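What follows is a set of notes on a single structure, which appears directly below.
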Amino acid sequence: MRSSNPVMNSIGNSAMQQTQAGYQNAPGAQGYPGAQGYQGYPGMGGYQQQPVATERPMTIDDVVAKTGITLAVIIAFAAVNYFVGLGNPGLAMILTLVGAIGGFITVLISSFGKKYGSAAVTLIYAVFEGLFVGGFSLMFTNFTVGGSSGAAMIGQAILATIGVFIGMLFVYKTGAIRVTPKFTRILVGAIFGVAIMALGNLLLAIFTDANPLRDGGMLAIIFSLVCIVLAAMSFLLDFDTADRLIRAGAPSKYAWGVALGLAVTLVWLYTEILRLLSYFRD
C-alpha cells in the first residue's frame, strides 16, 4: 500500500525490506521455501535455529512518544520565532524563509536519502518547520481581522487541526473509510494535481502579480478547502502505514520516520486552516 505522504511511503518500503532481510539473513537460516529462516519445523526433528532479532520491534508507544517529541520541538521553535518577530519582524521573516527551505530539503533527504529512521533528521526537520510555522503564524497576529485580533485565529487553527487529527484517527480505527489501493491511487493523484496547481499559481504570482489561488477570493477558498480535505484524508494513509509497520515488526527506530511523516501532514493541515480562516474574515 502506498501513502500519499512521500515520507511515510519511503518508510514503509524501507522497513519492509529490512524486516524481510532480518529473517532471510539470520544465523542458521536455511531450508525454508522462499526464505532462509528455518530448517525443518519444531517437534518434527528438523528444527535448528530461530532468526535472531537485531533490534526491538516498533510499538504504538514508540510512535506516540517520537511524534510527541517532534511536535514539542516544532512548537518550541515556532514560539521562539514568533516572539523574535514581535521585536524584530525582519529577522523573523528571514528565519521563516530559512525554515521553509530547510524543512523542504530535510524531507527530501528523509524520503530519498534513506534516512527514514534517523532521529537527527526528524528533529532537524522539526526545528526548521517550527521556525516556518512561527513566522507563518506571526503574519496573522499583528492585524485586526473582522473586528477581532488575528491572534485568535491561531488558537482556532490549532484546535481545528487537533480536532481533524482525532476525528480521522477515529474514522480509521472504526473502519468508516477503508484504506484500499483504489482509495490510495485517487488520493495520491489528487495531491499531485493540487501540488501542480500550487506551483503554477506561485509562478503566476512571481511573474504577473496575479494570485488567484491565494488572494482570498472564492477560488482561493475552494482551493484551501480541497487542500484541507486532502490533508485530512492523508492521515488515513499515514495511520495505515504506521499500523502495518508495527504488525510487520519493523525496527523501533522507524518510529522517528513515522513521526516525521505525521508532522508533515499536521503542518500542512494547520497552515491551510489558518489561511482559510483569514479568508472568511476578509
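The values are calculated or read from the model by the stated rules, or taken from the named source; none is laboratory data. Computed from a prediction, not measured in an experiment: that's the story for all the values here. Because the Cβ atoms are built from the backbone with ideal geometry, glycine has one as well, and the counts that use them run over all protein chains shown. Just the protein is used for accessible areas: all its heavy atoms, side chains included, with ligands, DNA and RNA removed. Shrake-Rupley method; radii C 1.70, N 1.55, O 1.52, S 1.80 Å.
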Just one of the numbered conditions (1) open to solvent by less than 20 Å² (accessible area, probe 1.4 Å); (2) within 14 Å of the chain's Cα centre (by Cα) is not true of Val264; which one? (1)
Single condition Met44 does not satisfy, out of (1) in contact with a Phe, Trp or Tyr (Cβ under 8 Å, 6 or more places away or on another chain); (2) at pLDDT below 90: (1)
Of the residues that make up region 113-132, is at least one open to solvent by 40 Å² or more (accessible area, probe 1.4 Å), at pLDDT below 90, part of a helix (DSSP H, G or I) and of a type outside the set (Ser, Thr, Tyr)? no
Working carefully through the options Ala255, Ala259, Ala250, find the one that is surrounded by 21 or more Cβ atoms within 10 Å (Cβ to Cβ), closer than 30 Å to Leu123 by Cβ and touching an Asp or Glu at 6+ places or on another chain (Cβ under 7 Å). Ala255
Tally of residues being closer than 30 Å to Phe83 by Cα and either among the aliphatic types (A, V, I, L, M) or at pLDDT below 90 (or both) across region 156-190: 7
Tell me which residues, restricted to region 178-215, are within 17 Å of Arg244 (Cα to Cα) and open to solvent by 60 Å² or more (accessible area, probe 1.4 Å). Arg178, Pro181
Could you list all residues from region 201-227 that are touching a residue at least 12 places away in the same chain (Cβ under 8 Å) and among the aliphatic types (A, V, I, L, M)? Leu213, Ala220, Ile221, Leu225, Val226
Among the residues listed as Gly102, Gly90, the single one being part of a helix (DSSP H, G or I) and open to solvent by less than 20 Å² (accessible area, probe 1.4 Å): Gly102
Exactly one of (1) on the phi < 0 side of the Ramachandran plot; (2) more than 21 Å from the chain's Cα centre (by Cα); (3) touching a residue at least 12 places away in the same chain (Cβ under 8 Å) is unmet by Ile246. Its number? (2)
